[in-house]
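Accompanying notes for the structure given below.
The values are calculated or read from the model by the stated rules, or taken from the named source; none is laboratory data. Remember, it's a predicted structure, so these values are computed and weren't measured experimentally. With ideal geometry, Cβ positions are generated from the backbone for all residues, glycine too; neighbour counts draw on all protein chains shown. SASA here: full protein model, heavy atoms, side chains in, ligands and nucleic acids out. Shrake-Rupley method; radii C 1.70, N 1.55, O 1.52, S 1.80 Å.
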Amino acid sequence: MTAGELCTARSGDGTTIAYERSGVGPPLVMVGGAFTTREVFRPLAELLGDVFTTVLVDRRGRGDSGDAIVPHEAFSYTVDREVEDLEAVVAAEGGRAAVLGFSSGANLALHAAAAGLPVTALVLYEAPFSLAGLPAAAPDVPRRLAGLVAEGHLGDAVATMQREVIGLPAAMVEQARRSPGWHALEELAQTCVYDATITAAPNVPTPAMCALAVPTLVVCGAQTWPTLRAAGAALAGELAAARYVEVPGGAGHEIAAEATAALLRAELAHG
């Protein structure tokens, strides 16, 4: 896919949020989860450019975005910071948009909508809320991650995030630490604090989220982890205007691009 136009918006704390715009039609803002940049959405955006203006966001501290929070102040992060980031992007793109969140980015999208972000529709792709047996991380994980980042122990922060929040087996994490790609994960270590905070215990939908009247699709890949499918179905049951959809594919918590694009064309393109 040919890269779209790289744009920026200025958030409330002065952070520059980068995003890539391409396509034609109503805006569809896409926001990713842990260890991702806007690149995770490129295959999906390529399939939607004729019906949506796709807006692929680099969350703060990732890709081409900045971050006003310095490492020794990572503990000061609150979800409101990234709600303001999304508000800035949506304002720059006309003031209202559909929002697709992937993984913990879906939790963030729901937080933002509940806080009043002008959202025309929500698509929550494999949002890891602690429902239907999906466990929440220990309450002190964000604080411990912030301490590791402040002390410069970036690899330990990444490993802690992978083991205690994402739930990867310790042996798999240790194997990953020896891989060439580990350094790229360390560069995103501070953002582990952010995603751990967004999904912090009890990590269940708030009353404001549950009462939202925004049309919402809760989407899971049919081949993703069973715990995510169960949590997705339970989430749709908690939200007032949501329904649950499984799309073919999506093994290993990956976005099933072709099937998701077909769903969004059918459900949202008329907007």
**Message:** Being within 27 Å of E39 (Cβ to Cβ) and in contact (Cβ under 8 Å) with a residue 12 or more places away in the chain is the requirement here; does V247 meet it?
**Reply:** yes
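Residue by residue, here is whether (1) more than 24 Å from I255 (Cα to Cα); (2) touching a Pro at 6+ places or on another chain (Cβ under 9 Å) holds:
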position	(1), (2)
A97	no, yes
F129	no, yes
A132	no, no
V149	yes, yes
A159	no, no
**Message:** Only one of A45, A91, A68 is open to solvent by 10 Å² or more (accessible area, probe 1.4 Å), farther than 30 Å from G152 by Cα and out of contact with any Pro (no Cβ under 7 Å at 6 or more places or on another chain). Can you tell me which?
**Reply:** A91
**Complete:** Screening E73, E39, E82 for residues that are touching a Ser or Thr at 6+ places or on another chain (Cβ under 9 Å) and either part of a strand (DSSP E or B) or not hydroxyl-bearing (S, T, Y) (or both) leaves only E82
**Asked** Looking at A222, is it exposed (fewer than 15 other Cβ atoms within 10 Å of the Cβ), free of Cβ contacts under 8 Å to residues at least 24 places away in the same chain, over 23 Å from G63 (Cα atoms) and out of contact with any helix residue (DSSP H, G or I) (no Cβ under 7 Å at 6 or more places or on another chain)?
**Response** no
**Request:** Consider L100 carefully, then state whether it is within 20 Å of A242 (Cα to Cα), under 18 Å from the mean Cα position of the chain (by Cα) and surrounded by fewer than 24 Cβ atoms within 10 Å (Cβ to Cβ).
**Result:** no
**Members of the stretch 47-62 found to be of a type outside the set (A, V, I, L, M, F, W, C) and touching a residue at least 60 places away in the same chain (Cβ under 8 Å), listed by number** = R59, R60, G61, R62
